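The values are calculated or read from the model by the stated rules, or taken from the named source; none is laboratory data. What you are looking at is a predicted structure, and each value in this text was computed from that prediction instead of being measured. Reconstructed Cβ throughout: ideal geometry from the backbone, glycine too, with neighbour counts over all protein chains shown. For the accessible areas, the whole protein counts, side chains as well, though only heavy atoms, and no ligand, DNA or RNA atoms are used. Shrake-Rupley method; radii C 1.70, N 1.55, O 1.52, S 1.80 Å.
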Amino acid sequence: MEKSQQSILSDKLAIYVHWPYCLSKCPYCDFFSKVDKRVDQDEVIDSYLDDLRFYHDLTADNRVQSVFFGGGTPSLIAPRNIEKIIDCVNELWSCQDKVEISLEANPNTNHKNLFSELKKAGINRLSLGVQALNNQDLLFLGRTHNLTQALQAIEEVVSVFDNHSVDLIYARPNQELNQWQSELEQVTNFGLKHISLYQLTIEEGTVFARKGIEPLEEEKAARMYAFTQQFLKEKGYPQYEISNFAHEGYQSIHNLAYWRGEDYVGIGPSAHGRLHLGNKILATTYHLQQEELSPRERAEELIIMGLRIVEGIDKKRFYRQCGLNFDKFVNQKALVDLETHGYLQNNDLTLKATPKGFLVLDKLIEELCS
């Protein structure tokens, strides 16, 4: 990457803090996590602070735009330890105005006043892992909360925070469209700012895979997805990413950093990062490991992530981030064919997936990068 390109890269930095511990393992989950009820939080947090100091030495000139506590179940972290990490970030880096500081929580990790305590600790965006709005499917998904707890938690989150989101899983086995519509109607009535919706997939190595659970038929899942896009748009939640919908101004700043190819630091087991340092593009992994990516490797990542968002890939930004011309990098024959068949929208500045294209996104990416 030429120095002139590096000098005009964004100085924005996102920080991801991975808390791997859970009270139980969900049968659909293929993320790295540990079931451990006796973890020494103070010891783990102190190691995280050391890692933040290490990455600060590499990124001292960057300005933090977001911090995201993910997991695992980060709502199990004591609020005083959340505050330690946020204070450390503020001490080490300069930060943009109104830094987005998000935390994922489960409805039943809320003890009395937990959400208020998290807000006092510095969290200003709360993402609630609800996953379903009926007891039968909550049990099927291995969730340890019930519907009453979920609804109570949503109400409290909305009352405590100004910025909030919920996660739901759709295309469950035997789920009907009218059942899903009922859940969408219920969740949109709470006044939430953001909704994340994930299609149930059966991943290798999960409990569901070992049990031979079959996902919803592909055609039914596709109709459910198309209905969801239109329904949430009419409710004031336009889609901005393949699985994410938000009121105007409440798109996730942190997740957009990933999808737009901006720099981010990852702290904790299973966390990774991407950093532009000088003329190098580094992939970082736990613990403090660094690997230089080739321009081609980074270009493929930028396509994989950039086509997930409705705004698509900014070709000029793509060039700044990997040093390659977008139109020369991608398979032009495939690009023309996919555009002709209505899967992509292409112009001199951007490439976007259409709603039809979102349904087969993995295939589009494979053909473009071939």
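Structure notes:
- Region 292-333 - residue that is more than 22 Å from VAL360 (Cα to Cα) and touching a residue at least 40 places away in the same chain (Cβ under 8 Å) and, of those, surrounded by the fewest Cβ atoms within 10 Å (Cβ to Cβ): PRO295
- Residues in region 264-291 that are under 18 Å from LEU52 (Cβ atoms) and open to solvent by 60 Å² or more (accessible area, probe 1.4 Å): SER270, HIS272, THR285, TYR286, HIS287, GLN289, GLN290.
- Residues of region 187-201 satisfying the condition of being open to solvent by 60 Å² or more (accessible area, probe 1.4 Å) and either at pLDDT 95 or above or under 16 Å from LYS235 (Cβ atoms) (or both): ASN189, TYR198, GLN199
- Taking (1) in a loop (DSSP other than H, G, I, E, B); (2) in contact with a His (Cβ under 7 Å, 6 or more places away or on another chain) in turn, GLY261 satisfies each apart from (2).
- Residue within region 51-65 that is open to solvent by less than 70 Å² (accessible area, probe 1.4 Å), touching a residue at least 12 places away in the same chain (Cβ under 8 Å) and over 20 Å from THR284 (Cα atoms) present: no
Listed here are the residues, each with its yes/no results for (1) under 30 Å from GLU155 (Cβ atoms); (2) part of a helix (DSSP H, G or I); (3) basic (Lys, Arg).
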{"position": "ASP57", "(1), (2), (3)": "no, yes, no"}
{"position": "ASP61", "(1), (2), (3)": "no, no, no"}
{"position": "GLN65", "(1), (2), (3)": "yes, no, no"}
{"position": "GLY70", "(1), (2), (3)": "yes, no, no"}
{"position": "GLU83", "(1), (2), (3)": "yes, yes, no"}
{"position": "VAL99", "(1), (2), (3)": "yes, no, no"}
{"position": "HIS111", "(1), (2), (3)": "yes, no, no"}
{"position": "PHE115", "(1), (2), (3)": "yes, yes, no"}
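- Strands (runs of 3 or more DSSP E) (entirely within region 144-249) containing at least 1 residues that are among the hydrophobic types (A, V, I, L, M, F, W, C): 164-170, 194-199, 244-246
- Strands (runs of 3 or more DSSP E) lying entirely in region 264-370 (those with 3 or more residues that are within 28 Å of HIS18 (Cβ to Cβ)): 272-277, 280-285, 289-293
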